[in-house]
1. Given charges of +1 on the Cβ of Lys and Arg and -1 on the Cβ of Asp and Glu, with all other atoms neutral, how large is the dipole of chain D about its Cα centre, in debye to the nearest 20?
2. Please give the Cα centre distance for the stretch A:269-284 versus the stretch A:311-356, rounded to the nearest Å.
3. Taking R0 as 51 Å, what's the FRET efficiency between residue B:518 and residue B:51 from their Cβ-Cβ distance, rounded to 0.05?
4. Per residue, what accessible area does the stretch C:3-93 have, given a 1.4 Å probe and all protein chains present, in Å²?
5. Helix-only estimate, please: 222 nm mean residue ellipticity of chain A, summing -39500 (n - 2.57) across DSSP H runs of length 4 or more and dividing by its residues, to the nearest 500.
6. Rounded, prolate or oblate: which fits chain D, taking a ≥ b ≥ c as square roots of the Cα gyration tensor eigenvalues, rounded meaning a/c under 1.5, else prolate when a/b beats b/c?
7. Just grab the label-to-label distance for residue C:4 and residue A:367, each label 7 Å out from Cα along the Cβ direction, in nm (one decimal).
8. Using only the alpha carbons of the stretch B:27-175, what is the convex hull's orientation-averaged projected area in square nanometres?
Amino acid sequence: MIATYLPLVPQLILITAGILVMLLEPFTAPGRKGRLGQMAVIASALAAYSLGFQWNSTPRTLFHGMFIVDNFTMFFQWLFLVITAIAALVSIRFNQREEIERGEYYALLLFACSGMSLMAASGDLILTFLAIEILSIATYVLAGFKRSDAHSNESALKYFLLGSFATAFLLYGIALIYGTSGSTNYQVIRDVGTLPGQVQVTAVAGLVLLLVGFGFKAALVPFHAWAPDVYQGAPTPVTAFMTVGPKAAAFAALLRILAQALPAMADDWTRLLWAVSILTMTLGNVVAVLQTDLKRMLAYSAIAHAGYLLIGVVTNTGNGFGAVLFYLVVYTVMNLGALTIVLSLSRQGDKRVNLEDYAGLSRSAPFIAASLSVFLISLAGIPLTGGFLGKFYLFSAAVEAGYIGLAVIGVLNSVVSVYYYFRVMVVMYMREAADNALPPEPISPPVLAIIAIGVAGILWLGVYPADILNLASNSALTLK
Amino acid sequence: MLDYLWLIPLLPLAGSALNGLAGKRLGSSFVTWVGCGSAGLAFLAAAAAVLDLVRAAPQNREVLISYFTWIACGDFVAEAQFLLDPLSGVMILVVTGVGFVIHVYSIGYMHGDGGYYRFFSYMNLFLFAMLVLVMAGNFLMMFVGWEGVGLCSYLLIGYYIDRKSAGDAGKKAFVVNRIGDVGFILGVFLVFATFGSLDFAEVFRQIASAPVRFPAETGVGLLTAIALLLFVGAIGKSAQIPLYVWLPDAMEGPTPVSALIHAATMVTAGVYMVVRCAPIYSRSEAALGVVTVVGILTAWLAATIGLTQTDIKRVLAYSTVSQLGYMFVAAGVTAFSAGIFHLMTHAFFKALLFLGAGSVIHAMGGEQDLTRMGGLRRYAPITYRTMCIAALAISGIFPLAGFFSKDEILFSAWAGGHPVVWAVGLATAGLTAFYMFRLTFLAFHGPERFGDDVRHHLHESPPSMTIPLVILAILATVGGFVGLPPWMGLGPNRFAEFLAPALAHAHRPETHEISHSVEFVFALVSVLAALIGIFLARYMYVGNPAAAGLLAARARGPYTLLYRKYYVDEIYDRLLVNPIVVVSREMLWKGIDVGIVDGTVNGVGASMRVWGGLLKYVQNGLVRSYASWILTGAALLLYYVARMRG
Amino acid sequence: MGLHHYLILSALLFAVGAAGVIVKKNIIAIFLCIELMLNAANLSFVAFSRYLDQVHGQIFVFFVMVVAAAEAAVGLAITITLYRNRRTLNVDDADLMKW
Amino acid sequence: MESALDTALFYLFAVVAMAAAVNVLLQRRVFYSALSLIVCLTSVAGVYMLLQSPFIATVQVIVYAGAIMVLFLFVIMLLDPFSAEAARDKRRYLNYVAVLLGLAILIFLYPLLNAYELAHVPRLLDSAAGGVGSVRRLAAVLFDEYLLPFELTSVLILVAIVGAVVLARRQAKA
């Protein structure tokens, strides 16, 4: 009996640890709040460990089909746990420097992680909705965690107002889908509209409204406008967390809904997302070219990457979904890596994130400059990095499914993107630092280790991707 | 040796890593040993491997070793594999051999440079990428090398980081190359979509064994589409019309880099790729036509520009563009082995020319302007003699290396039924001889056109630089003997025979025999054209120095046109960059936000900025405006559904 | 009195709320408009629940109310922090970051 | 269930709810907007009554219109109760855009909603035990089928409390 509910153990660990962190917060002396961050890391590791027992177990559901236990769930939960652990770890030093050391920060990260995990596991629209809300509310607060900073306030406000706006669309969409199928359970929804002819138009309207909600969370054009501002204003570790975590969670939930609940509407959603994908990658890349603030540039690049990811969703094939999962891993590593470097080098007040501040970095911090270059090269999709293989895999899945135009536009976009990624490298390697420039902040050993692991990981993913690739395609299997 | 094939590319990679990570600390002699040593060892390994290949029976001359499965997902499989066959064998010998000589030369040339370790690290990395490219057993690995050389060229061309022009040139090279790469990768996708595989062996086998599914195409079919897409990549990489603009600018890099990029590596990648894909190209008449026309036009155009340039390295750069055109002509008339033959001999004499030019520049203290040289043969006799050999070789004078390869190409053009191509090629050969000897005479003969301060430190270069020159001079002299033409009565063309197994899947058009005596006459004619060029140059630049100036003055218009390189850079600026800048400044900037961008615009950046400026209007920072975008998106999506389903 | 009447009323309220988010400049007013939208969705849920003769739709309404309450708490807290720093409730003043 | 009274009541509630909703937009002072929203919520509660969901209607009035809106009013009173919305508008055109988009959404949504066919929806779930609005049935389903989401609401509320406390707490430094 108890054994049935073992898949919930990671959730319990996360939530319990979150509560524990909150309880211990008043008893932790200022300056030692880092301990709470370490607790969060340990809790994530424990949860990840307990997940291992569920891998490759027979797919099943708990709580009347609410909670799906399969490899897809496990894959994403691992991804989220890694993201959370890294975000917690790199925040410790940052929060001390920015004088926002509060234990609640780590508790919120843990709750957000639990929300994301539930999004991936959910088999019911209501649970998905609640999970999204847990994640969103935690992230709203994290974005505004630097209360004394007007940028952080503004970031939280924009995220919150537009986020709840999008949530309303999502909810209305759920209502329409509920009305047309009599249930919110994915399996039931699928059974009601097994054939395209059985789908009610009202349900398609519901699908559209769902797409608005998820489009917002994943920052797809034209629902993306919040993203650059929010990413720029939030404390950088939160930015790092937001550009990968909620985005991956949105893709996880979206994949589940589209592939498991609404396959009968595939004609509609592939066409709609086809257009959204093109808009998203093109706009993200084109505007990124203009940015001089590194955080903002990476924000637009994050938008562009959501567009690439969408290509895999549009294909509506097992290979395409596998490519999405694989690319999410790659994207997580490279984006977290790049933003970790940005946040570690910035000076108090999140200053020193402008392009010019990186002049001469190759002299003052050669290892960091080289690592950042690796991440940027990977983001640009140059061979022998994970970024190249991820893109290649996505695009070839598109060609295979007959979306040649989409692949062409994707390739053209990745060419454009080279321009702005390389500009950062040019500045680091080919320009001297200004005389009055602040030297970069020294980086703590654990963060250095994370960066080194990230670099190794991205090269490993580029040269020998077989393991992760198999993991990804294996996890995508249940969708198709 | 064949079991250790992986050593060949991995040695330079190891050298690069070692120098890049530890070179700064361990001092310059360590860097020298690692840098040159890894290149030298790679050459030895390559030589051993090719020797094994030669010893094997012709039908066994193909070794394909898979190391591990790189990507395996569903039906898509790509192995990490290296392919050694006569074609890649020739390439790795050229790449490592000439590359090694250039490395040795760099010891002297880069002596004392602050980034000595960095330089050797990049050079080794470059060799690695190029070796991956030529040894790839499938399209995907080839693309890895393809992108790799682009990336390394960016690092090397922009090596002098303090010079803005160097950075710009590096960027230009990279961006232009990326444009070509788009075509290439799309071609690769199309290959995969068509054949379900990316392995050369599998793809070519399918083409060769299914003549019904893949007939030789006269119009535009699938194979033509693939061939043309891939050729876009070749145009970018091998600097053909219209993407050749990056190559002359690439002269901003140190001279050994120019030698490496121009002679042995990078630019030959396009030719190699076309020959490697001979089974595809040879079945598409349209693609072959495009290749031929682009090749011959580039050859002619670049040669005419070369006539008037005064920067010694620029003359050589345009000559490279021109010679690459020849190689594509060879491929276009299905004389694939002739193309590779010319690629090889060209590697010898062009490396020699660049290193010689480097030696001159070194001696002159950085001066590159031919009009400020003169009479240098007294000061740098070894450089002078080796340069003369190189100039004779590139002009195609018997019995130097360039003669055999160029003659074979021209003859193949005639024999393949392209008399116009032959005629233009012949005229270009004359032009080539003319501008190469113009360079030689301006630099080494005549009065000294430089000041005393330069004369004081004029000197012959150190042995580490002259020995490579001598080695290359020997190669440029005897390199052609591996492929003696049949008309000489010494049996069939050995080089072509050696390559034949690698081209077995190519489609062979029917050819009619032409007697040896006719071939001999053609050879005579092309030597004659070269000699005319040389004597003309001698008349104008040695015998009667006033003539050149007079001619330039008389033919003011054509001269300026050539001197300004047909205004291509200006045209690109006018047509592509300027309108965008003007439109943006006049219409968008003033309307929206003056001074978002501070004037500095170039190429891709400029056009991107314009679009970005427009889009910035969207991103105005107001929550309400963002909400209206969300609502617009929702309305549009709903509209679509209402239209389609309602 | 068909189900359609309720659905149309719900859509009307939703559209008014959505337009209000763009029209209103006061942060709290925008927030009120979002509540209006949530309420419109609730109306659909209850109507469907009634006509499908199921109790599920009503349960969703509970969850939505919980979410609304949670959002209200956090949203108002965010508004208060912003007000403390900037002394404004005009949403157009929050434009430090753009482009 | 069809009666003229029902229809009349529906239109009454609907008109009041719509009028109040539009009034939320028209009021320049946020305090009145909030009051107007309370009116709107209450009329919708009336519609719930017509839909035979008395429990939901009660909760709507007590929790939604009561507790949540009081929180709003409280914050409004705390910060800036009666000053009118800034007259100067950076983007006046947005008002027209908003109306246009709102209309567009309605126009596009209308046919889609109109096409709804109740008969096409399978009745898979229980129709037993009492009416739709029966509290007993509500509870039975909530604590059985929806146990997991129900438990998760506690996490949601916890997150909201932590967040609100962290943000709204008095600034530590002077």
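The values are calculated or read from the model by the stated rules, or taken from the named source; none is laboratory data. These numbers were taken from a predicted model, which means no experiment stands behind them. Neighbour counts are summed over all protein chains in view; Cβ atoms, including those assigned to glycine, are modelled from backbone coordinates with ideal geometry. All accessible areas refer to the heavy atoms of the entire protein, side chains included, with ligands and DNA or RNA removed. Shrake-Rupley method; radii C 1.70, N 1.55, O 1.52, S 1.80 Å.
1. So the magnitude is around 980 debye.
2. With the stretch A:269-284 and the stretch A:311-356 each reduced to a Cα centre, they are spaced 19 Å.
3. That gives a FRET efficiency of 0.90.
4. Each residue of the stretch C:3-93 exposes 14 Å² on average to a 1.4 Å probe.
5. -24500 deg cm²/dmol
6. Taking the square roots of the gyration eigenvalues as a ≥ b ≥ c, chain D is oblate.
7. With each label point 7 Å from Cα toward Cβ, the separation is 7.1 nm.
8. For the Cα atoms of the stretch B:27-175, the hull's average projected area reads 10.9 nm².
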